[in-house]
Amino acid sequence: MFAIEILDLEKSYQLGFWRKRKKVALRPLRLTIEEGEVFGFLGPNGAGKTTTLKLLMGLVFPTAGSARILGKSMDDPQVRSQVGFLPEQPYFYDHLTARELLNYYGQLSGMPVKDRSSKVDQMLTRVGLIDSAGVQLRKFSKGMLQRVGLAQAILHDPKLVFLDEPMSGLDPMGRREVRELIQQLHHEGKTVFFSTHILSDAEALCDRVGVISQGQLRGVGAVAELTAQAQGRVEIIFSAAKIPEAFTQLGAESRLRGDIASAVVSDAKQEAALEILRRERLRLISLTPVRKSLEEYYVQNLQPAENRKGVGV
Amino acid sequence: MSTGRVGSIAFNTFREAVRDRVLYNLIAFALLLSGAAILVGEISIDIERLVVINLGLTAISIFGVLIAIFIGIGLVSKEIDKRTLYTVLSRPVQRWEFVVGKFFGLTGTLVVNTFFMAIGVFLALLYTAHRFDKMDGWVLVALYFIVLQFFIVCALSLFFSSFSTPLMSAVFSFALFIIGNLADDLRGFARMSHGLGGWLATGVAYLVPNFASMNVVSQVAHGDPVGGRLILYNTVYALLYSAMAIAGAVLIFQRRNLK
Amino acid sequence: MKSRHATVVTAAVLLISMGGALRSLVAIDRMQRQAFAQQTLYINSPKVLRRLCLGYTGLLADIYWTRAVQYFGEQHHKGSGDFRLLAPLLQITTALDPKLLPAYQFGANFLSPKPPDGAGLPGSALELMKFGIAHNPEQWRLYYNLGFLYYTELKDYARASEAFAAGSRLPITNEFMPVLAARMAQHAGEFDTARMLWFTTYQSSKEASIRQNAVEHLQALRVDEDVARLEELVAKYRQQTGHVPARIGDLERAGFIHGAPVDVKGHPYTLAADGRVEVQDWKDIPFITKGLPPGEVSPGPRVSK
């Protein structure tokens, strides 16, 4: 059974009151997520990530298509007792304390009364808010609200957790904690579907990522798969007043900054390049294999189409 | 299970309203009432009872309607704007449960508010007359009718806020409150007109809320009794009208995409 | 699907509760209408009301005016002859908006005639008209109504003449006003005067119900005049022949009239055994005073509900 099975889900909005214009928020999306997987949904702001999540949560209704969550139709209310959701930049009832808020959400999720309060405290401890449990949320900082948001998403022990930009607005410490939390969830066997526009997060956490832009899915795959196209090249950095002629003959892409030069050559020509350095008595500083990063993939694939044509790939 | 969820939402709405210092209006009310009771006692003869009841009940009604409208219009739109609704509706909560829960939370707030104000009125009556009269009982009926009006106003402001901006919802709700107080005259107008216009007028006159028959303040101030059948019919009417408005709100809200 | 099920249930709740609410509203209406007659006006001081309505006097005046009309219609329909609230309702209406002319014109018509056609309060009607003239001294219609009131209800011809004369001196007035003033002064030619009054009413009003009322009065006047003339002829016939004519045809044969005279509905007048002239369809002709069977009164106007 798939955790999430999205079958050509599609959403467009009508804009304007008198003269209707159609705005496509999500082109038909087909995507399946395995149980126990950590899936990163990548894309720039406004690409359709939040729309997808809202569709799956039943907050907006699809123009066409359907989805199955944990084997059930997505508009089956029962599904949602096994799903946790953290919206982007969450905001909660100002006048409630963190503990009251989690209690309220516990009731709404149908958690049994007897272990609700112990579960709430456990969750507050887990996100590091137990000391502020009795403080009204209007006195919370943005980072603390994000933690409350995480706590409410996993409070009822869901099998599947949706996190919309869980790391945004957090300081480096906070980001690391969220990463750790996602990893813990992964170890507990839960499925995590999170959206982000920050690549390093996805790179560090995800089994697979999907890349979306302008409402369209551009590619899905393991991070390694997507970045594997690094066809064995190395970057050689050395100190030199000028780049030797011989490097150009090797077909290297080289650059000189001050008296530090860098050159990228294919694996096959690595020995020849080093031979040139020895011959010219130039000092080698470093030699690193070039692995195409997710970022490069991202930049290459998500550049506006006309730009890419101009480059002439 | 669903009564539990509706109850939780209602209680949370109530708690939010109370912590938002809604009940502070009680202080203004108490000052107004005690000030008036003392002042009128000094400058006028024999109408203390009249003034306490008229002023007290009118103030209860106005305060309550203002609270009903200004909280009612924000109940749904505020949760959408602040996206608190996302974390509620992503749980096994149906949208109708949310709307109904909000309605009961707000009416609950108003009932509690009215209860404290009513105590104030009776204390003022006791202060002016030094004892309770049998006809003071009818004041309770007038209070009950005022609460019934709150039910309708709450339901209407929820209804309008399910599809309109808060400002427009407030305008609509307040306009309907005014029109509803003149509803019997409106039905009178409709009876006198004929043809297509007459049909239209009749339709509008019967569809707007009828508050006119629920306003018995001056009647009870003069110690006149209120008929049992009027109590029954007003109750039935208010409950069904609220149900109608809530059902309308649910129908619209169920289809709504939350931006 | 689940959500469709919820929609159907909600729609059903909406329709059922709407139906129930309307039914209980109808029940409330029926009850309130019964109670209207015993109703007391809790605020019966126009001054207090003026302050209470925070400046929205125009709207409130319109509402009170509607209430007055409805109250009158309701009580008239029931035929109870109890019009206690009418005068205060009109007072409040005109105090709230002294320029509301229909309130004076109709109001006087409601107040002055004897029950069951009106409240039988010509004094209140007079007060209302005087209040109206004090606040609208440029309106000839109010002087006209006042003169009319003096003439028809109070039979005070001198005052009626004064009122018409005052109205005739206004910059905007009606050509019949000075004539009416003169007629009143002479106190002659009852039928002609009355005809002129009603004709003026007819011609100077755009309101359908007023015009209809005027037409009915003009028709009644014609019938009354016919009956009076026929009865004169009957008396003359009796003088000449020593006996009463058996039928109208006898008058024709005696050369008093040409053809069989008919009333406004086209039915010929008949003669009773004692020589009285009778109108066959007197029930269909409101306001007539002559030609009725003994002991009957004219049915009066049909007030449209």
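The values are calculated or read from the model by the stated rules, or taken from the named source; none is laboratory data. Note that the structure is predicted; figures quoted are calculated from it, not measured. Using ideal geometry, Cβ is built from the backbone for each residue, glycine included, and neighbour counts are taken over all protein chains shown. SASA here: full protein model, heavy atoms, side chains in, ligands and nucleic acids out. Shrake-Rupley method; radii C 1.70, N 1.55, O 1.52, S 1.80 Å.
Observations on the structure shown:
- Flag for B:Ser213 being under 22 Å from C:Leu59 (Cα atoms), open to solvent by less than 10 Å² (accessible area, probe 1.4 Å) and facing another protein chain (nearest Cβ under 7 Å): yes
- Residue that is most open to solvent (accessible area, probe 1.4 Å), among those in the range A:22-60 that are within 22 Å of A:Leu70 (Cβ to Cβ) and part of a loop (DSSP other than H, G, I, E, B): A:Glu35
- Filtering C:Pro171, C:Pro102 for residues that are in the same structural domain as C:Gly81 (by TED's automatic domain parsing) and at pLDDT below 90 leaves a single hit, C:Pro102.
- Among (1) open to solvent by 80 Å² or more (accessible area, probe 1.4 Å); (2) within 30 Å of C:Ala103 (Cα to Cα), the one test that C:Phe287 misses: (1)
Yes/no per residue for (1) buried (at least 20 other Cβ atoms within 10 Å of the Cβ); (2) at pLDDT 85 or above; (3) under 29 Å from C:Thr7 (Cα atoms):
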{"residue": "B:Gly7", "(1), (2), (3)": "no, yes, yes"}
{"residue": "B:Leu32", "(1), (2), (3)": "no, no, no"}
{"residue": "B:Gly35", "(1), (2), (3)": "no, no, no"}
{"residue": "B:Ile43", "(1), (2), (3)": "no, no, no"}
{"residue": "B:Asn54", "(1), (2), (3)": "no, no, no"}
{"residue": "B:Tyr86", "(1), (2), (3)": "yes, yes, yes"}
{"residue": "B:Val93", "(1), (2), (3)": "yes, yes, yes"}
{"residue": "B:Glu97", "(1), (2), (3)": "yes, yes, yes"}
{"residue": "B:Val111", "(1), (2), (3)": "no, yes, no"}
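- Candidates B:Val147, B:Val208, B:Val250 - the one that is facing chain C (nearest Cβ under 7 Å) and either in contact (Cβ under 8 Å) with a residue 40 or more places away in the chain or surrounded by fewer than 23 Cβ atoms within 10 Å (Cβ to Cβ) (or both): B:Val250
- Qualifying residue in the range A:188-198 (condition: closer than 30 Å to A:Gln107 by Cβ, open to solvent by 60 Å² or more (accessible area, probe 1.4 Å) and away from chain B (no Cβ under 14 Å)): yes
- Residues being within 14 Å of chain B (Cβ to nearest Cβ), closer than 17 Å to A:Gly210 by Cα and in contact (Cβ under 8 Å) with a residue 12 or more places away in the chain - total across the range A:10-51: 5
- Flag for B:Tyr237 being buried (at least 20 other Cβ atoms within 10 Å of the Cβ), farther than 30 Å from B:Leu125 by Cβ, within 15 Å of the chain's Cα centre (by Cα) and at pLDDT 90 or above: no
- Cβ-Cβ contacts under 7 Å between residues 6 or more apart (or on different chains), taken from a first residue in the range C:233-245 that is under 18 Å from C:Ala260 (Cβ atoms) to a second residue that is of a type in the set (Lys, Arg) and assigned to a helix (DSSP H, G or I), are listed as C:Val244/C:Arg238.
- Here is the figure for the range B:217-233: residues that are of a type outside the set (A, V, I, L, M, F, W, C), within 8 Å of chain C (Cβ to nearest Cβ) and without any contact (Cβ under 8 Å) to a residue 40 or more places away in the chain total 3.
- Qualifying residue in the range C:123-133 (condition: touching a helix residue (DSSP H, G or I) at 6+ places or on another chain (Cβ under 8 Å) and at pLDDT below 85): no
- Looking at B:Arg191, B:Arg187, just one residue is within 10 Å of chain C (Cβ to nearest Cβ), open to solvent by 40 Å² or more (accessible area, probe 1.4 Å) and either in a helix (DSSP H, G or I) or farther than 19 Å from B:Phe70 by Cα (or both), and that residue is B:Arg191.
- Condition check for C:Thr152: open to solvent by less than 60 Å² (accessible area, probe 1.4 Å) and farther than 20 Å from C:Thr200 by Cα: no
- Flag for C:Gly73 being farther than 21 Å from C:Arg141 by Cα and assigned to a loop (DSSP other than H, G, I, E, B): no
- Among all positions in the range B:102-114, there is no residue which is at the interface with chain A (Cβ under 10 Å from one of its Cβ atoms) and either over 26 Å from A:Lys72 (Cβ atoms) or touching a residue at least 60 places away in the same chain (Cβ under 8 Å) (or both).
- Residues satisfying the criterion are absent from the range B:161-174 (criterion: in contact with a Pro (Cβ under 7 Å, 6 or more places away or on another chain) and more than 13 Å from chain C (Cβ to nearest Cβ)).
- Members of the range A:128-180 found to be assigned to a strand (DSSP E or B), of a type in the set (A, V, I, L, M, F, W, C) and under 18 Å from A:Tyr91 (Cβ atoms), listed by number: A:Phe162, A:Leu163
- Whichever residue in the range A:68-106 is buried (at least 23 other Cβ atoms within 10 Å of the Cβ) and of a type in the set (Gly, Ala, Ser) and, among such residues, is farthest from the other protein chains (Cβ to nearest Cβ): A:Ala98
- For the range A:232-258, the tally of residues that are exposed (fewer than 15 other Cβ atoms within 10 Å of the Cβ), of a type in the set (Gly, Ala, Ser) and more than 13 Å from A:Arg283 (Cα to Cα) stands at 3.
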